[in-house]
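Okay, so here's the structure we're looking at.
The values are calculated or read from the model by the stated rules, or taken from the named source; none is laboratory data. Model, not experiment: these values are computed from the prediction. No Cβ is skipped: glycine too gets one built from the backbone with ideal geometry, and neighbour counts run over all protein chains shown. These accessible areas exclude ligands, DNA and RNA; they are computed on the full protein's heavy atoms, side chains included. Shrake-Rupley method; radii C 1.70, N 1.55, O 1.52, S 1.80 Å.
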Amino acid sequence: MDEIIVTGGTPLAGRVQISGSKNGTLPLLAASLLIDGETVLDNIPDINDVNVMIEMLRALGAKCEFIAPTTLKIDASTVNSVSAPYDLVRKMRGSFYVAGPLLSRFGECEVPLPGGCVIGSRPVDYHIEGFKVLGAQVVERHGVMRAQASRLKGTRIFMDPRSRSVGATVNLMLAASLAEGTTIVENASREPEVVACQEFLRAAGADIEGIDTATVRIRGVARLGESRAAVIPDRIEAGTFLYAAATAGGDVTLQAARVQDLEFVLDVLRRAGAGITTGPDWIRLRAVGRPLPVDIMTAPFPGFPTDLQPTHGVLAAIARGTTIIEETIFDARYNYTDELTRMGAHIRIVDSAAIIKGQPRLYAAPVEATDIRAGAALILASLVAEGQTEISGAEFLDRGYQNIEGKLKGLGAEIVRRGTGSGERNLCLA
Ligand code: UD1
């Protein structure tokens with residue numbers, strides 16, 4: 001495990017390049033398994049979750065080769081296994097995405113059920129129910145889901161509107177692409193990563209209507225063709241850097257960021273007092289003094305993303321007043337608040353709400369990251385804290401942020417990484 005060491009108090013200034021989206025890459029890598037030929041994906045981020053998924057494709061028999069630093073060529077004509085190794089599913093829940101494509105293309109799959117997760121209960125029951133509704137025989141035994149169907153049959157799938165699922169929407173769309181007949185997914189997620197996956201499938205020859213709406217209609221085709229696509233910029237990484245500037249102070253411009261994916265977040269940051277200007281592929285944030293408190297409630301897109309709730313928590317911790325945050329998606333997503341409290345934050349959790357009384361300053365302390373976004377929140381807190389903060393659990397950040405300390409250093413932060421050489425931990429997706 002590595003530690004990240006930050007000396008707080010330096011405002012951020014300059015430009016930072018946003019990498020390809022983690023949550024956008026994983027569905028496209030899984031989708032490549034539907035194609036009996038080559039897929040080329042550009043703008044692949046160099047992060048651990050993506051590398052685990054590439055390992056998964058290789059374990060199933062696909063050939064994966066980087067033909068440029070961020071361009072991956074996948075040949076899935078050589079896939080010779082429908083069993084996903086437990087070791088890879090254990091490392092990353094997103095690897096469950098291979099279930100839909102394997103079942104749809106090969107008529108069967110064996111995928112271990114992902115285990116628990118530190119940010120809350122994360123079942124895959126919507127995925128499994130959806131496979132059943134599409135006509136698959138599904139057995140869950142000894143921690144493994146085995147599904148079979150000579151060919152999936154299109155039908156209407158109702159997702160629960162109270163908890164829309166990004167993962168289930170993606171998995172079921174992938175499964176439906178090669179099914180017989182038409183599948184209609186009602187209450188589908190509309191996250192930009194879902195839309196990017198729909199566009200990829202359409203470019204590969206899938207017949208999809210209702211892209212970017214809550215009712216997606218997929219007419220199954222016999223085969224998908226070779227395709228090339230670029231991964232969209234990571235809106236959560238972009239949001240993290242905007243929050244870093246809003247919290248630590250300064251003037252930061254994001255390059256290769258999509259404004260349309262961040263409208264709600266930009267509105268929240270404006271209300272917190274930040275000056276924001278945007279262009280076609282850039283966003284500039286100028287911080288003006290201590291932020292104002294802004295209440296938020298997390299919600300599916302286009303609402304406020306749960307993945308940025310912890311960074312908003314840090315902003316709230318130093319705001320000029322009291323903030324109420326309501327987390328509606330993951331039941332244990334306040335795990336970062338205990339560590340933040342050790343740095344001087346005043347936070348009270350009541351059911352799904354966090355009541356945060358802003359303080360004029362935070363103080364350095366040894367703290368521990370417990371998931372990707374909690375780790376990002378602790379880095380942000382350490383940028384503004386007085387003194388030197390040591391954050392253990394840096395491997396969580398490596399799962400979702402490409403070179404976060406290098407990028408922050410480029411903006412003037414005093415940040416270094418120290419290897420401690422101790423072992424791997426059980427990880428979970430966010
Ligand atoms: C994805 C994102 C994650 C983000 C989350 C919510 C990826 C790789 N990860 O995770 O970063 O925080 O969306 O925007 O894209 N649920 C069930 N049963 C299911 C599936 C989900 O009850 O079968 C519940 C979950 O427990 C949660 C809610 O639905 O309360 C939303 O989860 P979901 O959208 O599926 O999250 P992920 O796809 O796992």
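Odds and ends about this structure:
- Among PRO300, PRO123, PRO233: highest mean-square fluctuation, GNM of the chain, C-alpha pairs under 10 Å: PRO123
- Pairs beyond 28 Å (Cα-Cα), from LYS357/LYS409; LYS22/LYS409; LYS22/LYS407; LYS73/LYS409; LYS22/LYS357: LYS357/LYS409; LYS73/LYS409; LYS22/LYS357
- The string of couplings for region 322-327 from the Karplus curve (6.51, -1.76, 1.60, θ = phi - 60°) is 9, 10, 10, 10, 10, 9 Hz, one whole number per residue in order, with x for Gly and Pro.
- Å³ per residue enclosed by the Cα convex hull of region 22-230: 102
- In order along region 293-298, the phi-based Karplus estimate (6.51 cos²θ - 1.76 cosθ + 1.60, θ = phi - 60°) of 3J(HN,Hα) comes to x, 9, 6, 9, 10, 6 Hz; Gly and Pro are listed as x.
- Its alpha carbons give region 248-313 an Rg and a Dmax of 11.7, 31 Å.
- Amide H contacts of GLY154 (H built 1.01 Å from N, under 5 Å, at least 5 apart or other chain): GLU180, GLY181, THR182
- In the context of the full protein assembly, GLU390 retains an accessible surface of approximately 70 Å², using a probe radius of 1.4 Å and ignoring ligands and nucleic acids.
- In the chain, helices alone account for a calculated mean residue ellipticity at 222 nm of -9000 deg cm²/dmol, with every DSSP H run of four or more residues adding -39,500 (n - 2.57).
- Average accessible surface area per residue within region 237-353, 1.4 Å rolling probe, Å²: 37
- In whole percents, the pair-distance distribution calculated for region 207-343 from its alpha-carbon pairs, binned every 5 Å from zero, is 2, 9, 17, 19, 17, 12, 8, 6, 4, 3, 1, 0.
- Rg/Rh (Cα only; Kirkwood hydrodynamic radius) as it applies to region 1-68: 1.13
- Alpha-carbon centroid distance for the pair region 202-247 / region 281-318, whole angstrom: 23
- Whole-number accessible area per residue in Å² for region 147-188, which is evaluated in the context of all protein chains at 1.4 Å: 39
- Accessible surface of region 287-358, 1.4 Å probe: 56 percent of it comes from carbon and sulfur atoms.
- In this structure, the amide hydrogen of ARG122, modeled 1.01 Å from its nitrogen in the peptide plane, lies closer than 5 angstrom to those of CYS117, counting only residues at least 5 positions away or on a different chain.
- Rounded Å value of the spacing that divides the Cα centres of region 17-81 and region 392-415: 24
- For region 326-382 and region 170-184, distance of Cα centres in Å: 40
- Share of pairwise Cα separations in region 36-158, more than 27 Å, in percent: 22
- Under 5 Å, built H, 5+ apart or other chain: amide partners of ILE232: SER21
- For region 280-289, Karplus couplings with θ = phi - 60° (6.51, -1.76, 1.60), whole Hz, Gly/Pro x: x, 9, 9, 9, 10, 10, 10, 7, 10, x
- For region 22-230, a simple Cβ point-charge model (Lys and Arg +1, Asp and Glu -1, everything else neutral) yields a dipole of about 400 debye relative to the Cα centre.
- Axial C-alpha extent at least 15 Å, average Kyte-Doolittle at least 0.0 - helices from the chain (DSSP): 48-59, 166-177, 192-203, 235-248, 372-384
- A Gaussian network model of the chain, with springs between Cα atoms under 10 Å, assigns the largest mean-square fluctuation among VAL195, VAL138, VAL350 to VAL350.
- Shown here: region 282-430, whose C-alpha atoms stretch 39, 35, 33 Å along the first, second and third principal axes, sorted largest to smallest.
- Projected label distance in nm at VAL139 and VAL350, using a 7 Å step from Cα toward the beta-carbon: 5.1
- Column: log10 I(q)/I(0), Debye, Cα scatterers of the chain, q = 0.09, 0.13, 0.14 Å⁻¹: -0.54, -1.10, -1.25
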